[in-house]
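Below is one structure, written out as structure tokens; comments come after it.
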Ligand SMILES: [Zn+2]
């Protein structure tokens, strides 16, 4: 017997993820307020047919007889012991008719079956019609159903189930009591799978369970079917077993793909996509997994409570990725990927939707308001000639130069296999301003936790450019410049940057008016205030 059938809930209390449905139905059974037609709407595998059978049992259960005593014993649940329950569980009850409209379209006997509703039940108290995928009934069957619902015989209960309630005519819907079944949460599915695995003597890694639950997309039937499939293959189930059976894209390959996109390398991204295809991996799954990865990077960078559940290794990757791509860009990339996802059902070439997503995501136009590029900022802050003269030695940055952000060589290698050759090429040149300010905000946050003196010194600074191994830091006051340049402070700062960037950078300070919006140089008052800020924490 299939796991899904074997572990099909036999009590309302065992229904997982549809509490709102089971609570209302149980209450109605207890109070004997049953109606003659129910509509169960919702995605596949969420328990509609299971609930319909539970209801058929509860309606006919001898334990739920009119006597108050019996009702209080079962509390509305079917007893699963009386002859009625037994027959229904075994599928032998003549008075419970299950019709799958999807496989009976256009067949007249369905119409006849429905018309037979007028005859009294053979044995049970009520005749129960369970019509699955009711929206697919033939026209004649629909008319028969409608006619019966208009004048329902007192001994009949119709339970109509559908995944597409919007396809039902209002005349039918209005004559039913409607229940909407929800997709079951991943954690609910995992809990149920754990129970089944335990009873079946299957051991399975937690991440493997999560993987099955995610692949099932909120449906019990699929989840339990998948568990069965994987367990016939291995009794001690590991992540790689699930990946193999599901054809789930290798996680590291998906990370490489996403990284190539963050890195604006359409060519590398397409190469990885084609490699997946050549290996026979399901491309729609790769597409979905990529969305999941990008989503996690976005959530991670957008929230201070990092509530993403993933392996430690992946979290590290996500953290790093989140520090180099702006949230605006992540949202834009997600939009491209989501927008093209549905194309998988529409085009015959499975690669095309992913290819479009990669190309769109690597040809970013600025989305909405962007912070100025570093070049613009730099030229703006070098405006006051006085500050430039005072500092003497400094790098001149003109607006024509585009400073580039470099990532650690380790990560760059994972994107391009010929990492050595690419080492000197610019990395992530687009949105460089966004990225630098994002990285800098991380530097400030970490410094604030570890070294409040240094954090106070950094308050009036701004990175002007980042190149291969040097960060040029604009500093507003000579006092701050001296303090930050002090070897001890500089070492702390450079170490923090190394933690974030995965690579060593030298800090060079330059006096600059970094209040881009305000004109003029710092007043004495402001200087005094800045000095006080530092001494406060010393
Ligand atoms: Zn019973």
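Of everything in the stretch 70-79 that is buried (at least 16 other Cβ atoms within 10 Å of the Cβ) and near the ligand (Cβ under 10 Å from one of its atoms), the residue that is modelled with the lowest pLDDT is 74.
You will find that of 91, 106, the residue that is part of a loop (DSSP other than H, G, I, E, B), away from the ligand (no atom under 15 Å from the Cβ), within 44 Å of the chain's Cα centre (by Cα) and at pLDDT 85 or above is 91 and no other. If you go through the stretch 473-501 and pick out every residue that is in contact with a helix residue (DSSP H, G or I) (Cβ under 8 Å, 6 or more places away or on another chain) and under 19 Å from residue 439 (Cα atoms), you end up with 13. Out of 278, 236, one residue alone is at pLDDT below 90, surrounded by fewer than 17 Cβ atoms within 10 Å (Cβ to Cβ) and out of contact with any helix residue (DSSP H, G or I) (no Cβ under 9 Å at 6 or more places or on another chain). It is 278. Among the residues of the stretch 11-51, those identified as part of a loop (DSSP other than H, G, I, E, B) and more than 32 Å from the chain's Cα centre (by Cα) are 31, 32, 33, 34, 35, 36.
Of all positions in the stretch 469-480, none carries a residue that is free of Cβ contacts under 8 Å to residues at least 12 places away in the same chain, outside the structural domain of residue 327 (by TED's automatic domain parsing) and part of a helix (DSSP H, G or I). Residue 281 satisfies every condition listed in (1) in contact (Cβ under 8 Å) with a residue 12 or more places away in the chain; (2) assigned to a helix (DSSP H, G or I) except (2). Scanning the stretch 153-183 for residues that are closer than 29 Å to residue 216 by Cα and in contact with a helix residue (DSSP H, G or I) (Cβ under 6 Å, 6 or more places away or on another chain) yields 159, 160, 161, 162, 164, 167, 168, 179, 181.
Is there a residue being more than 13 Å from the ligand (Cβ to nearest atom), in a loop (DSSP other than H, G, I, E, B) and modelled with pLDDT under 95 anywhere in the stretch 52-69? Scanning the stretch 52-69, I find at least one residue that is more than 13 Å from the ligand (Cβ to nearest atom), in a loop (DSSP other than H, G, I, E, B) and modelled with pLDDT under 95, so the answer is yes.
Inside the stretch 109-133, can you point out the residues that are more than 16 Å from the ligand (Cβ to nearest atom), in contact (Cβ under 8 Å) with a residue 24 or more places away in the chain and surrounded by 13 or more Cβ atoms within 10 Å (Cβ to Cβ)? Answer for the stretch 109-133, where residues must be more than 16 Å from the ligand (Cβ to nearest atom), in contact (Cβ under 8 Å) with a residue 24 or more places away in the chain and surrounded by 13 or more Cβ atoms within 10 Å (Cβ to Cβ): 110, 111, 114, 115, 117, 118, 127, 129, 130, 131, 132, 133.
The values are calculated or read from the model by the stated rules, or taken from the named source; none is laboratory data. Keep in mind that what you see is a predicted model, and the values were worked out from it rather than measured. All Cβ positions, even for glycine, are placed from backbone atoms using ideal geometry, and neighbour counts span all protein chains on display.
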